[in-house]
Each structure stands twice: as C-alpha cells, then as structure tokens.
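What follows is one structure encoded as structure tokens, with my remarks underneath.
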Amino acid sequence: MRTVITGTGSFIPDDIKSNRDFTIHDFYDPGHKRIIGAATEIVSKFEQVTGIYARRYASTDINASHMAILAGAAAIRDAGIDPETIDQVIVAHNFGNVNKHSIQSDAVPCLASRVKQAIGIKSPDCVAYDLLFGCPGWIQGLIQTDAFFKAGMARRTLVIGTETLSRVIDLYDRDSMIFSDGAGAAVLEARAGTAQDSGLLGAVAKSYTADEVDYIHMGKSYFPDSDPRIRYLKMQGRKVYEFALKMVPEAMKACLEVSNVEIDTVKKIFIHQANEKMDAAIVKAFYLLFGKMQVPDHIMPMNIRELGNSSVATVPTLFDMVRKGVLPEHTLNPGEVILFASVGAGMNINAVCYRL
C-alpha cells in the first residue's frame, strides 16, 4: 500500500504587505524599550537576515477557514475526485479563526468541520478534525494519513494547512515582519504498489519539550502601555535558529535512513519557509551530515521572499506552486524523490520522504 498525493491546491491572499510598509513603525525590545535607530535601518537589517521583502495578509472578509476551503476545493479539483469519497478532512492550524480586529480566536466547531460543510461532503463517515502541531502541522497530517491508510481506516484524505498570522502579531515587535497568511492543501489516496512506485517512503517526527517548549509562545506586546490581557505570537529568534540548525538536519537524515533513500537521489527539498538564511543553513548542515561539502543547485525551492512565513501553509503552498509551474526554475518529474521538512512551536520537527 502506498500513500499517494493525487492533487494539490493553495490560496495566496491578494493583499501585499511590503517591507516599506513597516518603515513608519516604532519597534520595541522585550524589555519594552524603544529600539534606537531609524525604522528603515531596522527593516533593512531584517531583509538581510531573513530574505523576506514582502508577505501576504488576508483581507478583512477572509479568515483561516475561508482560505482552507478555497485551497481544499482547489486540491479536490486537481485530483479530479468526488468529495463524497473523502474519508477524512484534516486541517492543521495554530489559532483557529481570528477575525480582523478581534482579540479572540474561534475554533468551535473545528475548522475541519467548517471545511467539510462548505465543500458539501454530507457523509458522516467522513471524519473532520483539526491538528495542532505548530508549523510542521501539514506535514504531520501527511504522517497521520499514512498511518490511517496502513491501518485500513481510510482510503482518501484531504489535508490542509491554513493560518492568518497577521492577526496574532505584535506590530511593535521586529519579528512580526516575518509572518504572513495563506493556505495549502493536498488530496492523498491509498493505492497498491511497491517501494519503486509513487508514494510516501518514510517519515520522522520529534517533539522537544524540555528547555525548548517556550521558544515560540504567546506573550504581552512589547509596547510599554499595551493591554497585558492581550497576547501575541512571540519568538526567541536566536534560540529557534540554533535549535533548528542542529535538530532539523538530523531529523532529515533519519528520515532518509528509515526510507532507505540515498542522499544523492533527493531532487528537491521542500522546507518550511521560516527564514531564508536559516533554511539555507539547515540544508547545508544536512548535506554535511553525509560528508557533502556542496549543496546541489536548485535543490531547495523558496517563496519566502515574496510570501513570508505562513506557518503550516508554507510547505503545501510551495509544493503546489512548483507542481503547477509557478516557479519555472523548479520542475518535478515522475519517479523523483523529494523531501518535506519543518520545525515549529512545541518545539516540533518532522520530515517526510516521498517518491513522485
């Protein structure tokens, strides 16, 4: 039995927020002290560190479940299937629906139930549930789907990653410029086949919750007079960087090992679009684990420069863009081996090896 991706879809919001838009902001540090220096200098340094020049924000009338519905419907069309044949709808996110200008999230009913209803799936045998696993949530949905397929409990699944991070960020925090909105989806099917056929080859997932659990957390705004009852997404950037640089390459290596795949056969690496410089360092460290001093050209598609970090949506939107030819410098061919990998709040890490 093989777990095969038969369709993908994504939704990228139209509202472009460029770095220039942040040059009118005042930024504060964690000690609530204003950061000295022109905002243009802060933004310029941000560009150099992250590689991000713009990001997308959802419009006022769109929330996380709306984007999930649009991405999921696109994946169903791409797969050419009847929605009523779907056994599970899994929606990965972190904050549920956060309406514009609201301070409260809404995840009741769960987003997956809303997606199922909107797509028009009437069968009660289609189970809809949400998955909270930080930024690696969509990849974890692939891993869970593979387990359900192998257990004989499902034959077709819709897995979606969706997030409106623009509504949980502290605009007085420099790290807020990293985050964005979006949704990506895939239809997965259980098919007969061998290891040489298309499908998921192996996976690794890990959770580090000792010293690392609060590297990404919710906290008070850095603005001195902010309401302490309102919490925003916060990140210990240096610690996240150091953690990811060590642990993600090791998980990627372990994934190849359990998949019985040689590193030279990997054609593309779809890594969570967290920080351009960090992602490049992770992939370089990954190859060094195999004694490889050079990273192959065009191994790592990227869209973070224009789209920012949309958490659970980065990997599925990037994969959909490459599949649909939106990034012409990257192509996918039948039989090639690719690697999905992510890291995020928890701290959670996962990787999936897949043959096209």
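General observations
- Long-range neighbours under 6 Å by Cβ, at least six apart or interchain, first residue closer than 24 Å to I139 by Cβ within the stretch 93-118, second of a type in the set (K, R): V98/R167
- Applying the condition of being β-branched (V, I, T) and free of Cβ contacts under 8 Å to residues at least 40 places away in the same chain to the stretch 30-80 and asking which residue is surrounded by the fewest Cβ atoms within 10 Å (Cβ to Cβ) yields I36.
- Screening the candidates M252, M247 for the property of being surrounded by fewer than 20 Cβ atoms within 10 Å (Cβ to Cβ), at pLDDT 95 or above, assigned to a helix (DSSP H, G or I) and in contact with a Phe, Trp or Tyr (Cβ under 8 Å, 6 or more places away or on another chain) yields one hit, M247.
- Entirely in the stretch 1-87, the strands (runs of 3 or more DSSP E) that have 1 or more residues that are basic (K, R), farther than 15 Å from S176 by Cβ and under 24 Å from the mean Cα position of the chain (by Cα): 2-11
- Which listed residue, of K277, K284, is in a helix (DSSP H, G or I), free of Cβ contacts under 8 Å to residues at least 12 places away in the same chain and under 19 Å from Q48 (Cβ atoms): K284
- Residue among G161, G184 that is part of a strand (DSSP E or B), touching a Phe, Trp or Tyr at 6+ places or on another chain (Cβ under 6 Å) and assigned by TED's automatic domain parsing to the domain that holds H101: G161
- For the residues S176, S226, the requirement of being closer than 30 Å to I16 by Cα and part of a loop (DSSP other than H, G, I, E, B) singles out S226.
- Lone unmet requirement of (1) surrounded by 22 or more Cβ atoms within 10 Å (Cβ to Cβ); (2) more than 20 Å from P124 (Cβ to Cβ); (3) among the hydroxyl-bearing types (S, T, Y) for T157: (2)
The values are calculated or read from the model by the stated rules, or taken from the named source; none is laboratory data. All values reported here derive from a predicted model rather than from experimental measurement. Virtual Cβ from ideal backbone geometry, glycine too; neighbours counted across all protein chains shown.
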